[in-house]
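The values are calculated or read from the model by the stated rules, or taken from the named source; none is laboratory data. Since this is a predicted model, take the numbers as computed values, not measurements. Note: ideal-geometry Cβ built from the backbone for every residue, glycine included; neighbour counts use all protein chains shown. Just the protein is used for accessible areas: all its heavy atoms, side chains included, with ligands, DNA and RNA removed. Shrake-Rupley method; radii C 1.70, N 1.55, O 1.52, S 1.80 Å.
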Amino acid sequence: MSDKKETIKDIYDRLQGIEDEELQEKYITIILTLLEKGYFPGLAGIPVVKSRVSKVDGENGVLTYRGYKATELAQHYSYEDVCFLLLHEDLPLPEEREKLCKRFMDNKEIDPSVARTLVAMDDNLHPMNVLSAGVLNLQGPDKTAREVLDYNQNMKRSIRLIAKFPSIIGVFRSNDPDYASGRDFDTFAEYILYSFNPELSEKKEWVDMFEELLILHADHTLNNSTFSARAVGSAQASLYSSISSAINSLSGPLHGGANERVIEMLADIDSPADVEKYVDHKLERKEKIMGVGHRVYKTYDPRAIYIKENMLPVLFNGKEVKASGVTEELQEQYEIAQKLEEVVLDRLGPKRIYPNVDFWSGLVLRAMGIEPSFFTTIFALGRIMGWCAHWVEHMEVTNKIYRPTQLYDGFEERELLVGPESEN
Ligand code: COA
């Protein structure tokens, strides 16, 4: 038998020998995709790194951070706990949690030079662009930001960056570099909510709900933005450059930007009676329904279930408005969303396409009086914990710069006409 034939037989034997059926299926899909297409569109299903931060079981709808269910962490733990867990791999002791909270508070102020640029930014700029530009600007005052290979410094820098993250939005929204001066905060989640809605941040029940939402968004394996952070980090660019890229990725409507688009979509539908027509029209035209579908989940997104079952019933109750921030218009949007969910499950459920976290989160944020253009920044304020954990982890792995290849589909080499005969 020739060498090639032996290798092919070896591949066959190895595939046969894999006991884990799911893994076996994954490898077969990868090989078949390569044979059929010659490349991997969207890198779907291609593992590019070994990571310990989080895990998604897409078949059963389970998301874990360092082994703990994200939904249980959201229900029982704080932002500081989850941040500590994602960065250090274990939940903190009470004194460690307090210390982290103090470090956030001590580091939340942003340098006056950066604050000035935020105040000067065009009010029409999308808040995600402001956040991304703000993070890049934070590199200015950090003189050692380009040194990326020191684990302890990377951890410290991550905490400082997380602490300053809400302040970028707070300064931009209020046009005031000192927007939080003279106010004490018990928890970091309270400070984050203050940056969006000072009045609401005084009420514990709202801070708690907001904190749950942040924790649900804290990490989600190698999604597009985390991939971006790691890809930029693999070139040994700074934490600021990597996180700024992640923010830009998250802003896209197929990723975190979907939560803003969902509320726009609900506003476009006049009443629950119009939902079926709306969905069918979209599907006929092969257009996407926002807040629906997922690359990994083949069942209902557990984060979406959590919001739907634990948060929305507190805010809305049938036709009775329960929370002060819920206007009649929002109540109607909730009813439209419920009908939309029903129609989506009917039309797309058989294709294993379900509502995702962005489908329901906007209704909660709207009830908190937060403008839709700021929704994705709140997603980012949760996800920054995961981005930093992945980036720090990436700086520790045996690094190979991310550099996939392409299937060239353009012209073969062509002759340029040069010289007098080419001039007309
Ligand atoms: N509405 C209608 N159809 C959808 C859909 C949606 N939101 N999401 C996926 N589909 C359909 C596609 O039309 C396609 O159908 P086809 O096989 O008949 O052509 C099939 O499902 C696969 O879709 P595809 O876009 O290739 O899947 P993906 O894994 O690449 O994409 C998303 C995943 C999230 C990008 C995609 O579901 C989407 O764009 N959703 C809407 C945006 C969104 O909510 N993003 C937030 C994600 S948390």
key: Residue count, the range 337-380 (criterion: at positive phi and either more than 16 Å from the ligand (Cβ to nearest atom) or without any contact (Cβ under 8 Å) to a residue 12 or more places away in the chain (or both))   = 1
Lys308 vs. criteria touching a Phe, Trp or Tyr at 6+ places or on another chain (Cβ under 6 Å), open to solvent by 60 Å² or more (accessible area, probe 1.4 Å), more than 9 Å from the ligand (Cβ to nearest atom) and among the basic types (Lys, Arg) = yes
message = Looking at Lys282, Lys298, Lys288 in this structure, which one is surrounded by fewer than 22 Cβ atoms within 10 Å (Cβ to Cβ), in a helix (DSSP H, G or I) and either without any contact (Cβ under 8 Å) to a residue 24 or more places away in the chain or within 12 Å of the ligand (Cβ to nearest atom) (or both)?
response = Lys282
query = Quick one: which of Tyr39, Tyr77 is open to solvent by 100 Å² or more (accessible area, probe 1.4 Å) and at pLDDT 95 or above?
reply = Tyr39
Any hit, the range 327-336, residues being open to solvent by 30 Å² or more (accessible area, probe 1.4 Å), within 14 Å of the ligand (Cβ to nearest atom), touching a residue at least 40 places away in the same chain (Cβ under 8 Å) and not hydrophobic (A, V, I, L, M, F, W, C) = no
Filter result for His88 (open to solvent by 80 Å² or more (accessible area, probe 1.4 Å) and closer than 20 Å to Leu213 by Cβ) = no
request  = Collect the residues in the range 50-61 that are open to solvent by less than 60 Å² (accessible area, probe 1.4 Å) and more than 21 Å from Gln24 (Cβ to Cβ), keeping them in residue-number order.
outcome  = Ser51, Val53, Ser54, Gly61
request  = Report yes if Thr29 is surrounded by 16 or more Cβ atoms within 10 Å (Cβ to Cβ) and either within 16 Å of Thr221 (Cα to Cα) or over 24 Å from the mean Cα position of the chain (by Cα) (or both), otherwise no.
outcome  = no
query = Looking at Cys83, Cys101, which one is closer than 29 Å to Thr299 by Cβ and either assigned to a helix (DSSP H, G or I) or in contact with a Pro (Cβ under 6 Å, 6 or more places away or on another chain) (or both)?
reply = Cys83
note = Picked from the range 37-54 (must be of a type outside the set (Ser, Thr, Tyr) and away from the ligand (no atom under 15 Å from the Cβ)), the residue nearest to Thr405 (Cα to Cα) is Gly38
inquiry  = Every residue in the range 253-264 that is near the ligand (Cβ under 10 Å from one of its atoms) and of a type outside the set (Gly, Ala, Ser), please.
reply    = Pro253, Leu254, His255, Asn259, Arg261, Val262
query = What do you reckon, is Val82 over 30 Å from Ile307 (Cα atoms) and either more than 16 Å from the ligand (Cβ to nearest atom) or surrounded by fewer than 19 Cβ atoms within 10 Å (Cβ to Cβ) (or both)?
reply = no
task = Considering every residue within the range 226-233, establish whether at least one is within 15 Å of the ligand (Cβ to nearest atom), β-branched (Val, Ile, Thr) and within 25 Å of Thr398 (Cβ to Cβ).
result = yes
request  = Would you mention how many residues in the range 342-373 are assigned to a helix (DSSP H, G or I), open to solvent by less than 20 Å² (accessible area, probe 1.4 Å) and closer than 12 Å to Phe196 by Cβ?
outcome  = 1
query = Does any residue of the range 247-265 turn out to be without any contact (Cβ under 8 Å) to a residue 60 or more places away in the chain, polar (S, T, N, Q), open to solvent by 10 Å² or more (accessible area, probe 1.4 Å) and assigned to a loop (DSSP other than H, G, I, E, B)?
reply = no
